[in-house]
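Below you'll find the structure, written out as structure tokens, and then a few comments.
The values are calculated or read from the model by the stated rules, or taken from the named source; none is laboratory data. Predicted, not measured: the structure shown is a model, and the values here were computed from it. Because the Cβ atoms are built from the backbone with ideal geometry, glycine has one as well, and the counts that use them run over all protein chains shown.
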Amino acid sequence: MLHHIEINVSNLANSRLFYDKLFAELGYELYQEWEEGFCYRYRATYLVFVQTEEDYSEPSYHRKQTGLNHLAFCLPSKAQVDALRERLRSDGVTLLYDDRYPHAGGPDHYAVFFEDPDRVKLEVVWEENEYATFS
């Protein structure tokens, strides 16, 4: 089981606004907050966001460099994925592969792909399987 992931961000306030909205829709709860960061939790797993120190702000993040490519989350229905996509679009969030929505990941994969304020690629998927449990 994954315990936590920590992500450095270029602008803590922008990331906080973005993830507050997103995680409310995904069922995550604010777990901790402090001057240089905050974290959200879903069950036993949490995601930590910390302000990047100025000395380490360059080069900026890009998912095609070595390291993290993207994070993927689940929602329990296609309708919720659709609603999230519409909310992201209305908020001006960069949608990825939108011309192939909802099957950009393949014909049996129902997901929306988008970027956070630092261009970290995020995916929210609906997948009917025995492992995707919501409660």
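Scan the range 95-102 and give yes if some residue there is at positive phi, modelled with pLDDT of 90 or more and not basic (Lys, Arg), otherwise no.
Yes, that holds for at least one residue.
Do any residues in the range 105-123 that are farther than 16 Å from LEU17 by Cβ have Cβ atoms under 6 Å from those of residues that are among the basic types (Lys, Arg) and part of a loop (DSSP other than H, G, I, E, B), where the two are at least six apart or on different chains, and which pairs are they?
Every condition considered, the pairs that remain are LYS121/ARG63.
Given (1) out of contact with any His (no Cβ under 8 Å at 6 or more places or on another chain); (2) over 16 Å from TYR28 (Cα atoms); (3) surrounded by 13 or more Cβ atoms within 10 Å (Cβ to Cβ); (4) not polar (S, T, N, Q), where does VAL124 come up short, assuming only one miss?
Looking at each condition in turn, VAL124 falls short on (2).
Can you tell me how many residues in the range 59-82 are surrounded by 13 or more Cβ atoms within 10 Å (Cβ to Cβ), of a type in the set (A, V, I, L, M) and in a loop (DSSP other than H, G, I, E, B)?
The number of residues fulfilling the criteria is 1.
If the Cβ limit is 9 Å and pairs must be 6+ apart or interchain, which residue in the range 3-32 that is assigned by TED's automatic domain parsing to the domain that holds LEU95 and over 19 Å from SER57 (Cβ atoms) pairs with which residue that is part of a helix (DSSP H, G or I) and of a type in the set (Phe, Trp, Tyr)?
Qualifying pairs under 9 Å: none.
Taking LEU88, is it outside the structural domain of ASP20 (by TED's automatic domain parsing), at pLDDT 95 or above, buried (at least 16 other Cβ atoms within 10 Å of the Cβ) and within 14 Å of the chain's Cα centre (by Cα)?
Yes, satisfied.
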